[in-house]
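The values are calculated or read from the model by the stated rules, or taken from the named source; none is laboratory data. Remember, it's a predicted structure, so these values are computed and weren't measured experimentally. For neighbour counting, all protein chains shown are included, and Cβ atoms are generated from backbone atoms with ideal geometry for every residue, glycine included. Please note that ligands, DNA and RNA were not included when accessible areas were found on the heavy atoms of the full protein model with its side chains. Shrake-Rupley method; radii C 1.70, N 1.55, O 1.52, S 1.80 Å.
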Amino acid sequence: IDEIRRDSILRRETQPTIRDWFRSFGIVESAGPLRIPRAERMGILGRLCVPVRCHDRLTGFLWLIDDDASLSAEQVVIAGRAARQAGLLMYEDLLAEKRAATALGRLLSASDELRAAAAAEVHEEGLLPGNGPAVVVVVQVVDAGGDDSRLDICESLRDVTRRYPHGVLLGLPFPDYVVILLRTRSERSEEHTSALQS
């Protein structure tokens with residue numbers, strides 16, 4: 001492990017200069033594994049980067065620290081297969097998030113017809129199981145603005161929704177606030193609401 005890996009785990013982010021350095025090797029455009037050399041002055045060990053894609057859409061990266069380039073060609077192929085499988089799973093997650101966000105957006109619509117159709121979809125698709133009451137939480141984002149803030153808001157919402165099992169809550173990001181719909185179906189609902197406020 002190196003400083004960059006430790007920071008990405010603990011802080012769930014990478015400094016823009018580090019991101020730009022990695023991207024300078026063509027990781028965003030690449031369809032296959034790339035070797036990234038060590039950079040001692042930046043505290044970076046050599047690693048293998050495998051872009052994670054599905055249907056030609058980049059969904060992330062698989063990083064394997066390999067400072068001495070000891071991974072064999074066969075192991076690199078295995079890493080590529082793992083990245084393809086991860087890409088499929090991540091793509092399915094993205095589709096599920098988009099479907100849930102779309103349904104929530106329609107639930108908030110001024111149109112009675114759209115709200116009724118969205119409520120039926122949420123029920124039929126099991127997006128928010130149960131029959132109890134629901135709570136809507138609106139989280140205002142301080143100092144929001146610009147593309148970076150929008151990305152930060154979306155990523156923060158993903159962090160929240162991924163903490164809980166499917167069907168516990170729905171989330172929808174806006175430029176300067178987030179709307180979350182939570183089913184109050186159990187004693188754990190208070191725990192969920194407290195976690196959202198943090």
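Below, the figures for the structure above:
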{"item": "Meets criteria (on the phi < 0 side of the Ramachandran plot, surrounded by 15 or more Cβ atoms within 10 Å (Cβ to Cβ), in a strand (DSSP E or B) and basic (K, R)) for R106", "result": "no"}
{"item": "Which numbered condition A73 fails, given (1) of a type in the set (A, V, I, L, M, F, W, C); (2) closer than 25 Å to S156 by Cβ; (3) open to solvent by 60 Å² or more (accessible area, probe 1.4 Å)", "result": "(2)"}
{"item": "Members of region 63-92 that are acidic (D, E) and outside any helix (DSSP H, G or I)", "result": "D66, D67, D68"}
{"item": "Odd one out for D7 among (1) open to solvent by less than 80 Å² (accessible area, probe 1.4 Å); (2) modelled with pLDDT of 85 or more; (3) under 24 Å from D152 (Cβ atoms); (4) not basic (K, R)", "result": "(2)"}
{"item": "Residue check, G87 of a type outside the set (A, V, I, L, M) and over 18 Å from the mean Cα position of the chain (by Cα)", "result": "no"}
{"item": "Residue within region 29-42 that is of a type outside the set (K, R) and in contact (Cβ under 8 Å) with a residue 60 or more places away in the chain present", "result": "no"}
{"item": "Matching residues, region 29-44, being of a type in the set (A, V, I, L, M), touching a helix residue (DSSP H, G or I) at 6+ places or on another chain (Cβ under 9 Å) and open to solvent by 20 Å² or more (accessible area, probe 1.4 Å)", "result": "M42"}
